[in-house]
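Supplied in structure tokens, the structure appears directly below.
The values are calculated or read from the model by the stated rules, or taken from the named source; none is laboratory data. Because the structure is predicted, anything quoted here is derived from the model rather than measured. Here the Cβ positions follow ideal geometry from the backbone for every residue, glycine too, while neighbour counts run over all protein chains shown. To get the accessible areas, we keep the full protein, side chains included, count just its heavy atoms, and leave off ligands, DNA and RNA. Shrake-Rupley method; radii C 1.70, N 1.55, O 1.52, S 1.80 Å.
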Amino acid sequence: MISYDLDGLSSLSRTLSRVADGLAAARSELRGADDVLGDREVVDALEHFEEHWRDGREEIVDGARRISDMIGSSVRLYRELDEQGVAQVQELW
């Protein structure tokens, strides 16, 4: 017998979606802070890091959204199959 926690999977899907939204909305705090950060080398290094982090963040966001969508689709399919199975059993009785 296969057992699955549909409420847990739904929760995971929603959580991944919120994480993706939060990461997508994240903005760099470095812009306009050059005078506070000091030496130009420090500013350049931080901007370089932020550029690469932005690229990586976009990949993480995309992956989290895809996984969230797949989990959500799976939950809907499992629920439909459960309902169909119940209906078929009820027809037998």
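Hey, among the residues in the range 38-93 that are over 26 Å from ASP5 (Cβ atoms) and of a type in the set (Val, Ile, Thr), which one's least open to solvent (accessible area, probe 1.4 Å)?
VAL43
Return the pairs, sorted by first residue and then second, in which the second residue is open to solvent by 90 Å² or more (accessible area, probe 1.4 Å) and modelled with pLDDT under 90, the first residue lies in the range 66-93 and is of a type in the set (Phe, Trp, Tyr), the beta carbons are less than 7 Å apart, and the residues are 6+ apart or on different chains.
Qualifying pairs under 7 Å: none.
Would you list the helices (runs of 4 or more DSSP H) that sit entirely within the chain and hold 3 or more residues that are at pLDDT 95 or above?
Once the helices (runs of 4 or more DSSP H) in the chain are filtered for at least 3 residues that are at pLDDT 95 or above, what remains is 6-25, 40-92.
Another one. Return the residue satisfying two criteria in turn: it lies in the range 4-23 and is closer than 12 Å to SER74 by Cβ and of a type in the set (A, V, I, L, M, F, W, C), and of such residues it is least open to solvent (accessible area, probe 1.4 Å).
LEU6
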